[in-house]
Amino acid sequence: MGNQHKVAWVTGAGRGLGRALSVALVRRGWSVVGVSRSAVELEETRVASAAGPGVFHPWVANLAEPDAPARVAAAASLLAGPPTLVIHNASTLGPTPLRPWLDTTPEQLLAALSVNVVAPMALTRAVAGNMVLHGGGTLVFISSDAAVEAYPTWGAYGASKAALDQAARILAAETVGTGLRVLVVDPGEMDTRMHAEAVPEADRSALAAPEQVAQQILLLLNGSAPSGWRSRAGQGAVAP
Amino acid sequence: MKPATQPNARLDARLMVLDPGASRGLHATMDALPALLSQGDVVVVNEAATLPASVHAVTAQGAPVELRLVSAGTDGLQMVALGAGDWRTDTDARPAPPQLKPADLVRLRDAPHVAWVVTGVDARSPRLLTMSGGGTEDMLMQMCVHGAPVQYAYTDRALAPHDVQTPYGAVPWAVEMPSAGRMLTVARVAALRKRGVHVVSLLHAAGLSATGDPALDALLPLPERFRIPPETAEAIRCARRQGRRVVAVGTSVVRALEGAFERWGEVRAGEGWTDLILTPRFVPRVVDGLLSGMHDRGSSHFRLLGAWLDETALGAMVTAGEEADYRVHEFGEHLLILRGALAGRAGGFGWWPRTRAPMGEGAAGFPLHHG
């Protein structure tokens, strides 16, 4: 595969795991379109990946807006071409400080679902057909153990991640034999701003560095995990 | 036939199959497509995604103007100016746009910090402009952010960018949706491949269907850019060598393939522009069959179907479409014209075959395999 075909789109590329994944991909020669709401943070990612040999293309967009995924797809294709890899990494915790379900408004839940479920599936819809036309591609959905465990006060986030997991599994089941590879990754607890917002009192020294988790995710991509599998970063693939 | 007013895909998508060899047609669905084709046949799709190709702008005098992309040049965009109006207003019913002259400035209505300057007015129409502002790529990016799809007054709501994409489109070249492929879902592409049909792609910058200026409309389609990848050229060469059929999905694919043939004498990999205009007199050299949207009499699309169907067959198509209440336009139902498609299938509706073409009329034949 020539370098011109190594095109990845990464959402939430302005910081944390998204930045680490973008930098690691650029280091491996990929052309990466990184999406974030923050031009300032994207610029920091661009600087962090400036050594190449790939290229980082920043694109500012708010994926919570209804038309954003289709607009991002058009812009990212113009910048780097259609992708063979999309990493759906952007997500929102929902309202912070985290709160019980009964203190969560419908608007707050809808906002979490927009970013964590609707946007990744809409962006998937914009790219997956073209991936199939050309024989295949990989879609990575960054999930969480909050999708599986019932952590009190993690309602909007946990429910939206559970919905994303199931959407990805169904997509995988529907696209068997098309060349599309759908992977769900639980990155574990990382030392990121999102984690600090969710658990301000956490002992940061016990948390994984996003750079380390990014390496584990890229290893997983190069491995033999089949479409539809859900894995915990660093622990290999586990059956869905 | 009535227009389909809802942009959402219908999963029971109907397909009218017309076999000019058998002088017969049949009502089927898109799911029957694999069975209507044979192993080794080649289906060619246009993988252009549709740009949000329309932006609303304001002149220095404060007059509203809609600008629609025609084509991207090396240093700016060619655009058509339309008078004020939203998606409900047919382009022909719009007031004339403000007359823009070279060096005039316009600002995007939703992003006044973005200013574009008129660099030229085409001699063929005062509405056909070249604009520049920060380079072609930056202007296209601004359209991705602030543009909207070209709208159709017959739809029941304004179209969002995702409403005008085919399931497989990804390279944002098209100004309007290459809608013939709208029903070729991932599952249907997989089913075609399972049948042994090669589904390959090219790029064609499908352009505007209306400008609001009759003089300019008469010139449509303007030259459009195409790119044929090596795998597609090879698949078509191989099919022709082996006597298999080449089915174009949409007239943009026909323009690209036949335009390439006209230019190079063969279909080979490469990029170019085509000014090929399909008329009933056009004799296809590459394309054996056409998957297309259903269109009614009076539309330019209907006229170009005459390259594959004679007047009797077109009449039968319209009658069958009216009887079965087919829907037309971008979101309507579909049509497969393919010689041999109904071989071994009974039923359907027939028409009187035209056995002899009048002298000098090139459209009578439906060349199957070309030398």
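Bear in mind these aren't lab numbers, they're just calculated from the coordinates by the rules spelled out. These numbers come from a predicted model, not from an experiment. So basically every Cβ, Gly included, is an ideal-geometry build from the backbone, and we count neighbours across all protein chains shown.
What angle, in degrees between 0 and 90 and rounded to the nearest 10, separates the Cα long axis of helix A:119-133 from the longest principal axis of the Cα atoms of chain A?
20
Please report the antiparallel percentage of the DSSP beta bridges confined to the protein assembly as shown, to the nearest 5.
Working: 50 of 100 bridges.
Approximately 50 percent, going by the DSSP bridge assignments.
For the stretch B:1-139, build the charge dipole from Cβ charges (+1 Lys, Arg; -1 Asp, Glu) around the Cα centre, then report which of B:Ala60, B:Gly133, B:Gln39 sits farthest towards its positive end.
So the residue furthest toward the plus end is B:Ala60.
Could you grab the relative contact order for the stretch A:171-240? Cα pairs under 8 Å, six or more apart, rounded to a whole percent.
On the way: 78 pairs, mean separation 28.6, N = 70.
Result for the stretch A:171-240 is 41 percent.
Using a ≥ b ≥ c from the Cα gyration tensor of chain A (square roots of the eigenvalues), is it rounded, prolate or oblate, where a/c under 1.5 gives rounded and otherwise the larger of a/b and b/c decides, a/b for prolate? Could the numbers behind the result be given before it?
Working: a/c = 1.40, a/b = 1.28, b/c = 1.10.
Rounded, since a/c falls under 1.5.
Report Rg/Rh for chain B, rounded to two decimals, where Rg is the Cα radius of gyration and Rh the Kirkwood radius.
My calculation puts Rg/Rh at 0.98.
Taking a spot 7 Å from the Cα of B:Ala324 along the direction of its beta carbon, which residues of the stretch B:36-50 have an amide N less than 16 Å from it?
Backbone N within reach: B:36-37.
Along the charge dipole of the stretch B:249-347, which of B:His334, B:Gly265, B:Gly344 sits closest to the positive end, that is, farthest toward it, with unit charges on the beta carbon of Lys, Arg, Asp and Glu (+1, +1, -1, -1)?
About the Cα centre, the residue reaching furthest to the positive side is B:Gly265.
Over chain A, what is the relative contact order in whole percent, taking alpha-carbon pairs under 8 Å and six or more residues apart? Kindly include the intermediate steps, with their values, before the conclusion.
Working: 475 pairs, mean separation 42.2, N = 240.
Relative contact order, chain A: 18 percent.
Before anything else, pin down the relative contact order of chain B: Cα pairs under 8 Å, at least 6 apart, normalised by residue count, whole percent. Numbers along the way, then the final one.
Working: 849 pairs, mean separation 91.9, N = 371.
In percent, rounded to a whole number, it is 25.
Report, for chain B, the % of DSSP beta bridges that are antiparallel, rounded to 5.
Details: 48 of 68 bridges.
DSSP beta bridges in chain B are roughly 70 percent antiparallel.
Using per-residue counts of other Cβ atoms within 10 Å, averaged over each peptide, order A:63-70, B:118-125 from highest down.
The packing order, highest mean first, is A:63-70, B:118-125.
Which of the peptides B:98-104, B:241-247, B:231-237, B:331-337 is most tightly packed, and how do the rest follow, going by the mean number of other Cβ atoms within 10 Å of each residue? Kindly include the intermediate steps, with their values, before the conclusion.
On the way: B:98-104: 14.6, B:241-247: 17.4, B:231-237: 19.1, B:331-337: 24.7.
Packing proxy ranking, top to bottom: B:331-337, B:231-237, B:241-247, B:98-104.
What dipole magnitude, in Debye to the nearest 20, does the stretch B:133-253 give about its Cα centre under +1 on Lys/Arg Cβ and -1 on Asp/Glu Cβ?
Values: 13 positive and 10 negative charges, 227 e Å.
Here the stretch B:133-253 has a charge dipole of around 1100 debye.
What length, rounded to one decimal in nm, is gained on full extension from B:Trp264 through to B:Asp92, with 0.36 nm per residue of separation minus their alpha-carbon distance?
The B:Trp264-B:Asp92 span can extend by a further 58.2 nm.
Report the calculated FRET efficiency for B:Ala123 and B:Lys101 (r = Cβ-Cβ distance, R0 = 22 Å), to the nearest 0.05. Show your work: numbers first, answer last.
On the way: r = 14 Å, r/R0 = 0.62.
Given R0 = 22 Å and the Cβ-Cβ separation, E is 0.95.
Mind pulling the angle between the C-alpha long axis of helix B:136-146 and the longest principal axis of chain B? Nearest 10 degrees, somewhere in 0 to 90.
Compared with the principal axis, the helix lies near 90 degrees.
Residue separation times 0.36 nm, minus the C-alpha to C-alpha distance between B:Cys238 and B:Ala111: what's the value? The partial results should precede the final answer.
Details: separation 127, 0.36 × 127 = 45.72 nm, distance 5.03 nm.
Contour length minus the Cα-Cα distance gives 40.7 nm.
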